[in-house]
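The values are calculated or read from the model by the stated rules, or taken from the named source; none is laboratory data. These numbers were taken from a predicted model, which means no experiment stands behind them. Neighbour counts run over all protein chains shown; Cβ positions are idealised from the backbone, glycine included.
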Amino acid sequence: MALRIYSTRTRKKEPFAPRPDGSVRMYVCGPTTYDYSHLGHARSYVAFDTVRRYLVSLGHQVTYVQNFTDIEEVIIRRASEVGKPPLEYAQFFIDAFLEDMRALNVLPPDRTPKVTEHIGDIIALVGRLVDRGYAYSVGGEVYFRTKRAEHAFGILSHQRVEDIVVDPLPPGSTREDPLDFALWKRSKEGEPSWPSPWGDGRPGWHVECNAMAAKYLGVPLDIHGGGTDLKFPHHESEAMIAEGAWGGEWARVWMHNGFVTIEREKMSKSLGNFVTIREVLRDHPGEVVRLCLLKSHYREDVEYDRECFRRTQEEYDAMLAQIGRARTADGRGTGGKVDALVARTRDAFRKAMDDDFGTDDAVYRLIQMTTALAEIGDLSPPEGREVVDAYRECGQVLGLFQTVA
């Protein structure tokens, strides 16, 4: 079975084909760095790291880009509260995020562009949108003209534009429509700002990813990923910007991961109901946290469960025990039982991953193999090598067994 990926836009699984040269250009929206990252972030970046790993295992040349939003209202406000410059404040949490990702065996992206290092690219893109009639300047700010775009709100969230509730424009506003969103914002006194043709200011959130992704990956992207909360308005705004700037689709495949929830509410910094990655890592190894997250399909919402880490530790310890046993195998062998077991596991693992990166089933197959191996007699050295190779191959995809297999 060839790889099939669920498309957020079409709401169905579709065959995935790389570019003619076998390459895949993949962009995942990175964090806004104003606090330590929580378990919901871990879920997203572990999921897309696994997508990348599997594509590489299929022989594709993947270029993976993930940005940092290092200037935003919340960063400016938090930095002011603690008396630090906003960019210094943001960099502290960028470093913390990267440390967390290393602990979770998330591979470094090929590029990690920061918004503040791409202001010129963003200004050029905003200017292009103005020149093409998709944006307009008002009082030192620039807004996207949403009524001009065909790829309107709703293409990913599947809501009707007429059902979107927004505040009406205040009296005297020169914006054309309440749904028009900012591409360039006029900075307030004392805030970081950059010169532009429309006055000193800073970028609007939605346009930043377009400029950075287009610079390093081109248009269209092959895969664009992020949390399900980014469908509307962020990713739908990106789709409109791409249409206005380049006249085509922004991404061939849109992927969105589900939430980690606490008491059925999305884990979120804004709601204050989050558990940081480093809190969890204080009690559990990174590979155990990663394995626990991969036991659920990436599109599912998952309720935070401390017991998952305890159970997963036991399962992971059992896998490590079988790897250790296999590496020192010196028995007479099992008469083909191990070869058949490993072959079944490899085949089922591949089928699970080909079915929209089904890590839930893929992990289950590894647990099944581990249980079966514990009930099998002494392995011969060739059988032991076969077992270690199977764990290694699956582990390279899942980001596990990095030091033992």
Checklist outcome for this item: Only one of Ile122, Ile164 is in contact with a Pro (Cβ under 6 Å, 6 or more places away or on another chain), over 24 Å from Ser44 (Cα atoms) and not aromatic (Phe, Trp, Tyr), namely Ile122
Checklist outcome for this item: Of the listed residues (Val106, Val82, Val74, Val138), the one being of a type in the set (A, V, I, L, M, F, W, C), assigned by TED's automatic domain parsing to the domain that holds Leu39 and under 26 Å from Ala245 (Cα atoms) is Val138
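Among the residues that make up segment 327-343, is at least one of them out of contact with any His (no Cβ under 9 Å at 6 or more places or on another chain) and touching a residue at least 60 places away in the same chain (Cβ under 8 Å)? Spell out how you get there, then give the answer.
Taking segment 327-343 as the starting set, the residues that turn out to be out of contact with any His (no Cβ under 9 Å at 6 or more places or on another chain) are 327-343.
Now drop any that are not touching a residue at least 60 places away in the same chain (Cβ under 8 Å), which leaves 327.
The answer is yes, given that some residue of segment 327-343 is out of contact with any His (no Cβ under 9 Å at 6 or more places or on another chain) and touching a residue at least 60 places away in the same chain (Cβ under 8 Å).
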Next on the checklist: Looking at segment 135-178 only, could you name the residues that are under 30 Å from Tyr6 (Cα atoms) and hydroxyl-bearing (Ser, Thr, Tyr)?
Outcome noted: Thr146, Ser157
Item to check | Members of segment 75-104 that are touching a Lys or Arg at 6+ places or on another chain (Cβ under 7 Å) and either of a type in the set (Gly, Ala, Ser) or under 27 Å from Pro285 (Cβ atoms) (or both) | outcome: Asp100, Leu104
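Answer with yes or no whether Tyr64 is of a type in the set (Phe, Trp, Tyr), within 25 Å of Glu393 (Cβ to Cβ), crowded, with 22+ Cβ neighbours inside 10 Å and in contact with an Asp or Glu (Cβ under 6 Å, 6 or more places away or on another chain).
On the way: of a type in the set (Phe, Trp, Tyr): yes; within 25 Å of Glu393 (Cβ to Cβ): yes; crowded, with 22+ Cβ neighbours inside 10 Å: yes; in contact with an Asp or Glu (Cβ under 6 Å, 6 or more places away or on another chain): yes.
The answer is yes for Tyr64.
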